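Engineer: Before anything else, here's the structure in question.
The values are calculated or read from the model by the stated rules, or taken from the named source; none is laboratory data. Nothing here was measured: the structure is a model prediction, and the numbers come from that model. Positions of Cβ are generated from backbone atoms using ideal geometry, with glycine treated the same way; all protein chains shown enter the neighbour counts. Just so you know, the surface numbers come from the protein's heavy atoms only, side chains and all, with ligands and any DNA or RNA stripped out. Shrake-Rupley method; radii C 1.70, N 1.55, O 1.52, S 1.80 Å.
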Amino acid sequence: MRQGEKMKKKRKPKVFIGKLNKRILFLVLVLLVMFVIIAFLSNTRIFQTLGRKSGEVIVVDPGHGGIDGGTSDSSGLLEKDINLDVSLKLKKELNKEGFNVIMTRNKDESLEEYSNVNASRYKRDLNARKTIVNENKPKAFISIHVNSNKRSSARGVQVYYYPTSDESRRLAENICESINEIVYRDYLGDYDLEAQPMAENFFILRETEASGVLVEIGFITNLEDNKLLQDNKYKKKIAIAIMEGIKMYSVK
C-alpha cells in the first residue's frame with residue numbers, strides 16, 4: 001500500500017504539468033484570435049506593415065518654395081507654405097512606420113541653384129527635384145501641391161500619375177482609396193467627395209525613374225477647401241492618409 005501511495009504521488013506533478021501546458025496553449029490561441037480580429041477591424045493594416053521591408057526610401061517633394069510661392073488667395077495664403085507643412089507632417093508619419101524619408105526641401109527655398117542645366121529658373125528648379133528623386137532610387141516619391149481653379153465650386157483631392165506607368169497608377173489608386181476612407185468618410189463624414197486618380201504628363205512624373213504621384217491636396221480657390229488647408233487637424237489627416245496609401249502600395 002505504501003508503495004502504491006508513493007507511485008500516486010509521483011504522478012501528480014505530471015497531471016499538473018499537463019494542465020499548465022493546456023492553459024498556455026489556450027492563452028496562445030486566444031492571443032492569435034485577438035490579433036486576427038484587430039487586423040480585420042483595422043482593414044488589415046497590421047498585415048500590410050508586416051509585409052513591408054523596413055527602411056524603404058520615400059522621397060517627399062513639397063512643391064514650389066522660395067521665390068516661387070505657387071498659387072495663393074486674396075488673404076496672402078501661399079501654396080508653398082501649405083505644401084511644406086503637409087510634407088513635414090507626412091515625413092513624420094512615414095518615419096513612424098519605418099520608412100527612410102528624403103525631402104527635396106526642408107525649408108522655404110527654391111531649388112534652381114542646385115541644378116547646372118542651362119535653362120530658366122523654373123526648369124532648373126524642376127531639374128533639381130528630378131535629380132534628388134533619381135539619385136536616391138526610392139520605392140516611391142510623392143510631390144505635394146495645392147490646386148486652384150477659376151470655378152470656385154471645384155474642390156477635393158486629385159492624385160496625378162504618369163499615363164503609361166502602371167506602378168504610378170497603382171500608387172495613385174492606393175492613396176485615393178486611403179484619402180476617401182480616412183479623410184472624407186471618417187474625418188469629414190462626407191460621402192459625396194471622392195479623391196480621384198488622374199493621368200497627366202507632368203515633368204516630375206515623366207522625367208523621374210521611380211514610381212511617383214503628384215497630390216493636389218485641395219483647392220485654395222474653394223471656400224470649404226481653403227478653410228481645411230489652414231486646419232492643422234485636416235493637414236495631419238491628409239498626411240496620415242497619404243502614408244497609409246504608400247503602405248498599401250509598398251507591400252504589393
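Engineer: Please give every one of the aspartates and glutamates within straight-line cross-link reach of LYS233, meaning a C-alpha to C-alpha distance under 14 Å, and leave out same-chain neighbours fewer than 8 residues apart.
Structural biologist: ASP85, GLU93, ASP186, ASP225
Engineer: Still on this structure, please answer the following. Let me know the shape class of the stretch 150-252, please: from the alpha-carbon gyration tensor, a ≥ b ≥ c as square roots of the eigenvalues, rounded when a/c is under 1.5, otherwise prolate if a/b is greater than b/c, or oblate.
Structural biologist: Numbers: a/c = 2.10, a/b = 1.40, b/c = 1.50.
It is oblate, given that a/c is not under 1.5 and a/b is not larger than b/c.
Engineer: So which aspartates and glutamates pass the test for LYS137, namely a Cα distance under 12 Å, with those fewer than 8 places away in the same chain ruled out?
Structural biologist: Filter leaves GLU56, GLU209.
Engineer: So, by mean Cβ neighbours within 10 angstrom, what's the order for 68-77, 208-217, 104-113 with the highest one leading? Mind dumping the intermediate values first?
Structural biologist: Working: 68-77: 13.9, 208-217: 23.7, 104-113: 17.6.
Output ranking for 68-77, 208-217, 104-113: 208-217, 104-113, 68-77.
Engineer: Please list, by residue number, every one of the trypsin sites (Lys or Arg not before Pro) in the stretch 109-161 that is coil in DSSP and has at most 15 other beta-carbon atoms within 10 Å. The partial results should precede the final answer.
Structural biologist: Values: sites: ARG121, LYS123, ARG124, ARG129, LYS130, LYS139, LYS150, ARG151, ARG155; in loops: LYS139, LYS150, ARG151, ARG155.
Loop-located and lightly packed - LYS150, ARG151.
Engineer: While we're on this one: Quote the charge dipole size of the stretch 133-252 about the Cα centre in Debye, to the nearest 20; the model charges only the Cβ of Lys and Arg (+1) and of Asp and Glu (-1).
Structural biologist: Details: 16 positive and 18 negative charges, 49 e Å.
Magnitude of the dipole: close to 240 debye.
Engineer: Oh, and also: Summing Lys, Arg as +1 and Asp, Glu as -1, what charge do residues with Cβ under 12 Å from the Cβ of GLN158 carry, GLN158 excluded?
Structural biologist: Values: positive: ARG155; negative: GLU194, GLU200, GLU216, ASP225.
Charge balance in the 12 Å sphere: -3.
Engineer: Considering only protein heavy atoms, what per residue accessible area in square angstrom results for the stretch 140-237 with a 1.4 angstrom probe? Walk me through the intermediate numbers first.
Structural biologist: Values: 4580 Å² over 98 residues.
Accessible area per residue: 47 Å².
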